[in-house]
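Step one of this worksheet: look at the structure below.
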Amino acid sequence: MGDKLLMVGAGLSGAVIGRRLAEAGHEVTILDARSHVAGNCHTERDAETGVMVHVYGPHIFHTDDEGVWDYVNRFADFLPYKNRVKSTTQGQVFSLPINLHTINQFYGKTMRPDEARAFIESQADKSITDPQSFEEQALAFVGRDLYEAFFKGYTEKQWGCSPTELPASILKRLPVRFNYDDNYFFHRFQGMPEDGYTAMVERILDHPGITVRLETRFDPAQADQWDHVFWSGPLDGFYGFDLGRLGYRTLDFEQFRAQGDWQGCAVMNYGDADVPQTRITEHKHFSPWEEHEGSVLYRETSRECGPDDIPYYPIRLVEEKALLSDYVERARAEQNVTFVGRLGTYRYLDMDVTIREAMTAAETFLSARAEARAMPAFTVDPS
């Protein structure tokens, strides 16, 4: 006889954990406050144009984890997709990430890779030997010109503060390439599910041992009705935010429509500080194997997350980390509750990492049950 298990949240974490534990013979119930599964990677067909829309902003699948790639391909047909981002800044359009074409176009030169590498090194601020802030990291990487064109204004808009206040670690995942490769990601496996992410998650949840209840909120006071609870909601939300709220940035999406091809690419960043949006996304370009006359686009702007907003990006500055440690200490004392996913561990996670961590959490639970051990509150250290 299996345990009665509850997943709070029908996003990737809840779905992947729930599927594995249902396959192992447990009775799984999944609750979600929204009217759909798949969390923030929810996709749906636009009724007017037929375009597959990424409702909470674009999600592009990319990974080097072959096990995760095999897993998602069990539940969806992934078609090739390369993310080629453009940026409008200082009156021109450039390719991102910064590559040899970007550098030559920006400086009006025709440099070869070794020449460009030497040139950028000459632009970099050599006096910064141990970068502490985002700004110092950028200046040490590429110098002031490229920093101000591509990073400074965009970062101020995205994070709502000066790049001097952000840690250098945020910039460590933005590459500079000295060739003409404009593929935004460098992972071996990249693609998009042909029928969208929601259809993929629905297939993961399609198991006789899983019951899904949408538009249903969970009351943490009811946790003892289950043998174990996996919570993928906000960590502070489990406690009613009674110690204070962890800081997030949220996004506002202004939808507009056009006929034909409006901007010629899926993602156009706006690097200038005086342009309010961080980017415009044109969603039919996320499914390049489809053809649509009409187009659905979103202007995306970032702001501080309020109590009624959807939390997107954890801020994780000094104040938030102190509050996080208080919540984590409290959570570790919980019996039969495990905190998972982006919100449950207050970390920015790509989809492949979310899935891998969910797979690990499920296996940890099965091992704990087999060995009569307690399941930990976290299978990944949130700090």
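The values are calculated or read from the model by the stated rules, or taken from the named source; none is laboratory data. Values in this document were obtained by computation on a predicted structure and should not be read as measured data. A quick note on method: Cβ atoms are made from the backbone with ideal geometry, for glycine too, and the neighbour counts reach across all protein chains shown.
Restricted to region 348-367, and to residues there that are touching a helix residue (DSSP H, G or I) at 6+ places or on another chain (Cβ under 9 Å) and among the charged types (D, E, K, R), the residue that is surrounded by the fewest Cβ atoms within 10 Å (Cβ to Cβ) is E363.
Applying the criterion of being in a loop (DSSP other than H, G, I, E, B) and among the polar types (S, T, N, Q) to the residues of region 94-136, the residue that is surrounded by the most Cβ atoms within 10 Å (Cβ to Cβ) is N99.
Each residue in region 167-206 was checked for being in contact with a helix residue (DSSP H, G or I) (Cβ under 7 Å, 6 or more places away or on another chain), under 17 Å from I355 (Cα atoms) and in a loop (DSSP other than H, G, I, E, B), and 1 of them qualify.
The number of residues in region 212-258 that are more than 25 Å from A372 (Cα to Cα), buried (at least 18 other Cβ atoms within 10 Å of the Cβ) and more than 22 Å from the chain's Cα centre (by Cα) comes to 2.
Tell me yes or no: at least one residue of region 70-79 is under 30 Å from I204 (Cα atoms), touching a residue at least 40 places away in the same chain (Cβ under 8 Å) and in a strand (DSSP E or B). Yes, region 70-79 has at least one match. In this structure, does H292 turn out to be assigned to a helix (DSSP H, G or I), closer than 17 Å to P58 by Cβ and not small (G, A, S)? No.
Of all residues in region 88-143 being closer than 19 Å to S169 by Cβ and aromatic (F, W, Y), which is modelled with the highest pLDDT?
Here is the first cut: in region 88-143, the residues closer than 19 Å to S169 by Cβ are 97-98, 124-125, 128-142.
Imposing the further condition that a residue be aromatic (F, W, Y) reduces the set to 134, 141.
Details: F134: 92, F141: 89.
Taking the candidates together, the pick is F134.
Looking at region 1-20 only, could you name the residues that are modelled with pLDDT of 95 or more, of a type in the set (A, V, I, L, M, F, W, C) and over 14 Å from V212 (Cα atoms)? Residues satisfying the conditions do not exist here.
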